[in-house]
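Each remark here refers to the structure printed beneath this line.
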Amino acid sequence: MAAPMKAAMPDNVDIGDSFTLRVAALDPSTGDAVAGVNISNMSIEVDHLTAGSLDFGPFMLVPGPSA
Amino acid sequence: MADAVIRAQQVQTAPAGYTVPQAQEIVVKSVRALVDGSGAGSAFLAVLQLVAPDKSVVWEAQTDTTIAAGASANVSWFPGVSPAVASSGAGVAFASGNYDSGANPPFGVAAGTNDSQPFYQLTNTDPTVFTWSTTTNNDDTLTLHPAGTYLCFVGYQGGTGGGLGGPVIVPSSVPFATHNYQELTANPALPGGFANASDYTIIHSTASDYAVQVIITNPSGFNMSVFEVDFYVCYLATGA
């Protein structure tokens with residue numbers, strides 16, 4: 001069972017196309033990437049400001065109740 | 001403005017994330033990910049990054065604590081989370097000294113004099129913050145190494161000194177003669193007409209290695225015996 005953790009992020013993060021929101025695993029002393037870490041079940045709650053699809057790579061819109 | 005959730009359907013190797021498609025714009029409200037460090041060789045921080053199209057990192061938001069090698073965490077990022085107070089990870093640094101006339105050599109203050117309180121039963125949770133040393137009497141000086149804010153308290157039980165005197169917490173650089181004293185009243189709950197007294201202060205040192213002592217003052221014409229003294233200091237915050 002993975003331990004729950006919470007962290008602060010900036011408010012009102014308004015981002016446009018070609019920007020990437022990603023999760024990295026960094027060494028706390030050096031800031032270097034730590035190998036051997038996997039990311040799964042990544043979910044991003046957003047306000048969608050434009051018309052069109054947000055699907056990209058392995059990311060897909062979660063179907064709503066009426067889907 | 002439509003609220004939506006986009007989710008990765010696959011396990012990805014870190015760093016992993018979502019790139020906003022062409023001609024799209026979103027406001028991010030929260031992010032959650034399962035960070036699996038079962039294959040990691042060392043402890044790490046889970047860090048949310050915004051990366052610009054030119055691959056530069058615009059900002060980072062990291063967890064307050066590290067995830068151990070081999071461990072996993074279910075991490076949620078959202079606005080309004082208060083960062084944890086910086087700490088050594090071992091709690092607040094703390095030092096204390098005790099004097100007990102039943103276990104330690106007798107200590108008294110002669111009429112019309114002051115003397116530094118000796119201590120024998122000592123604690124010190126962080127030697128980089130505190131050091132006990134002897135200036136006049138046994139371990140009568142506590143040096144506060146980092147400049148910062150310290151909460152100090154001393155409790156006293158002993159003679160009344162004729163009604164005046166008792167413990168004060170002072171920098172060791174202050175001459176004894178300038179010390180204040182307080183009124184000591186016999187505690188009817190104690191045998192022999194002895195008194196309880198205390199002193200407490202917050203020290204904000206602007207330079208490192210600030211030395212403090214507990215001075216027992218006795219401006220009266222009577223000799224005064226000390227039975228028990230407990231002195232506590234907590235390191236609250238760093239910085240001059």
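The numbers here are math on the coordinates, done by the rules we state, and not lab data. From a predicted model like this one, the values you see are computed outputs, not experimental measurements. Cβ placement follows ideal geometry from the backbone for every residue including glycine, while neighbour counts extend to all protein chains displayed.
In whole Å, how far is the Cα centre of segment A:32-60 from that of segment B:199-240?
56
Please list the non-local residues whose amide H lies under 5 Å from the amide H of residue A:19, H modeled 1.01 Å from N, same-chain partners needing a gap of 5 or more.
Residues meeting the criterion, in which the H sits 1.01 Å from N, are B:20.
Give me the net charge of residue B:230's neighbourhood, meaning all other residues with Cβ under 12 Å from the Cβ of residue B:230; Lys, Arg count +1, Asp, Glu -1.
Taking every Cβ under 12 Å from that of residue B:230, the sum is -3.
Let me spell out the model: positive unit charges on the Cβ of Lys and Arg, negative unit charges on the Cβ of Asp and Glu, origin at the Cα centre of segment B:10-81. What dipole size does that give, in debye rounded to 20?
100
Can you pull the mean other chain C-beta count within 10 Å for peptide B:47-57?
5
I'd like to know which of B:78, B:105, A:40 lies farthest towards the positive end of the charge dipole of the protein assembly as shown, counting +1 on Cβ of Lys and Arg and -1 on Cβ of Asp and Glu.
A:40
With the cut-off at 30 Å, report for the protein assembly as shown the share of all Cα pairs above it, as a whole percent.
Summing the P(r) of the protein assembly as shown above 30 Å gives 54 percent of all pairs.
Rank B:189, B:157, B:2 by how far each Cα sits towards the positive end of the charge dipole of the protein assembly as shown (+1 on Lys, Arg Cβ; -1 on Asp, Glu Cβ) and give me just the farthest.
Checking the options against the dipole of the protein assembly as shown, the answer is B:2.
So how far, in whole Å, is the C-alpha centre of segment B:1-42 from the one of segment A:5-19?
After rounding, the separation between the Cα centres reads 11 Å.
Under 1.5 on a/c is rounded, so check that first for segment B:1-119, then, if it is not, pick prolate when a/b is larger than b/c and oblate when it is not; a ≥ b ≥ c are the square roots of the alpha carbon gyration tensor eigenvalues.
The shape class here is prolate.
Determine how many Å³ per residue the convex hull of the Cα atoms of segment B:31-76 encloses.
Taking only Cα atoms, segment B:31-76 has a hull volume of 85 Å³ per residue.
Under the rule of at least 5 residues apart or a separate chain, name every residue whose amide H is placed under 5 Å from the amide H of residue B:223.
When sequence neighbours closer than 5 places are left aside, the close amide H contacts are B:111.
In a shell of Cβ-Cβ distance under 14 Å around residue B:20, excluding residue B:20 itself, what net charge do Lys and Arg (+1) and Asp and Glu (-1) give?
Net charge in that neighbourhood comes out at -4.
For each of B:150, B:99, count neighbouring Cβ atoms within 10 Å of the residue's Cβ, then give the residues from fewest to most.
B:150, B:99
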